[in-house]
Amino acid sequence: MQEYQDSSQAPPSLRNLQILEVLAREARPMTATEINASLGLPKPTIHRLVATLEQEGYLSRQLDGRSYLPGLKLRRMMLGVMHAGQYDLARHDVLVRLFASVGETCSISIPEGDTLVYVDRVETNWPLRLVIRLGTRVPLHATAAGKVCLAFMNPQSVEHFLRHAQLHPHTPNTFASAESLREELARVREQGHAIDDQEFIPGMVGISVPALYSRGRVLAAVTFHAPVQRMSLDTAMTHLPALQRAARELADLA
């Protein structure tokens with residue numbers, strides 16, 4: 001059932017936010033008519049507002065010429081909000097508790113285009129470690145967190161990624177073809193977690209699970225990784241319950 005709200009009396013600035021809210025909530029390409037189904041604005045008004053948002057870079061028109069997704073400006077705003085969340089102690093405490101259980105670097109990340117962005121981390125104190133600063137972008141297809149985000153995206157977005165992304169083979173273990181990655185994403189979605197078996201950096205393994213919220217969409221990916229010299233992939237899998245618990249705690253904060 002669609003949620004309907006009367007936006008006809010709202011000021012134009014609020015109408016713009018309501019349009020962006022609908023698009024974010026649905027997390028799929030939408031036409032102006034589909035967006036307006038839950039807003040109830042006059043037809044000329046919704047088309048004018050959507051056109052303005054596209055012109056200003058907050059919406060991006062898709063190849064079909066009719067539907068829209070968040071544009072570059074809106075995606076940058078979303079990342080800024082997530083980065084500001086590093087000051088959210090409740091969220092960071094989830095990672096602290098996970099780190100206490102795992103003992104290796106733990107992180108929260110979100111997708112941005114065809115990359116993954118780290119928005120919060122707790123670093124291990126071991127001298128041998130992989131240091132990735134907050135805001136760093138890494139490839140979706142070659143990381144456990146990236147594969148989790150892809151696996152739980154809507155099918156249309158996944159297919160668009162598989163058709164257009166450059167699947168660079170960072171290591172011999174990288175899923176560097178659309179066919180092999182599609183099969184891997186199906187496995188990830190079925191089992192509910194992804195592994196990084198030295199697919200991005202030789203000698204590093206990791207596990208990631210999705211923090212899910214409404215309609216099974218990914219809020220963020222929760223991950224830990226470690227060098228194979230300290231932790232085998234089999235040993236890493238013993239920490240999967242702690243990782244899943246952290247993901248549920250993070251989703252409850254949303």
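The values are calculated or read from the model by the stated rules, or taken from the named source; none is laboratory data. What you see is a predicted model, and the numbers here were worked out from it, not measured in a lab. Every residue, glycine as well, gets a Cβ built from its backbone with ideal geometry; the counts of neighbours run over all protein chains shown. What goes into the accessible areas is simple: the full protein's heavy atoms, side chains included, and nothing from ligands, DNA or RNA. Shrake-Rupley method; radii C 1.70, N 1.55, O 1.52, S 1.80 Å.
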Those residues of the stretch 15-45 which are over 25 Å from F161 (Cα atoms), surrounded by fewer than 20 Cβ atoms within 10 Å (Cβ to Cβ) and of a type in the set (A, V, I, L, M) amount to L17, A37
For the subset of the stretch 61-71 comprising residues that are within 22 Å of the chain's Cα centre (by Cα) and under 14 Å from I35 (Cα atoms), which member is most open to solvent (accessible area, probe 1.4 Å)?
R61
Residues that are over 13 Å from L20 (Cα atoms) and in contact (Cβ under 8 Å) with a residue 12 or more places away in the chain, drawn from the stretch 43-55
T45, H47
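Every residue, every condition in (1) assigned to a strand (DSSP E or B); (2) under 22 Å from L95 (Cα atoms); (3) open to solvent by less than 10 Å² (accessible area, probe 1.4 Å); (4) among the polar types (S, T, N, Q), yes or no:
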| position | (1), (2), (3), (4) |
| --- | --- |
| E183 | no, no, no, no |
| A186 | no, no, no, no |
| E199 | no, no, yes, no |
| I207 | yes, yes, yes, no |
| Q229 | no, no, no, yes |
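When the residues of the stretch 209-224 are narrowed to those that are hydroxyl-bearing (S, T, Y) and in a strand (DSSP E or B), which ends up nearest to A236 (Cα to Cα)?
Filtering the stretch 209-224 down to residues hydroxyl-bearing (S, T, Y) leaves 213-214, 223.
Narrowing further to those that are in a strand (DSSP E or B): 213, 223.
Numbers: Y213: 25, T223: 11 Å.
The residue in question is T223.
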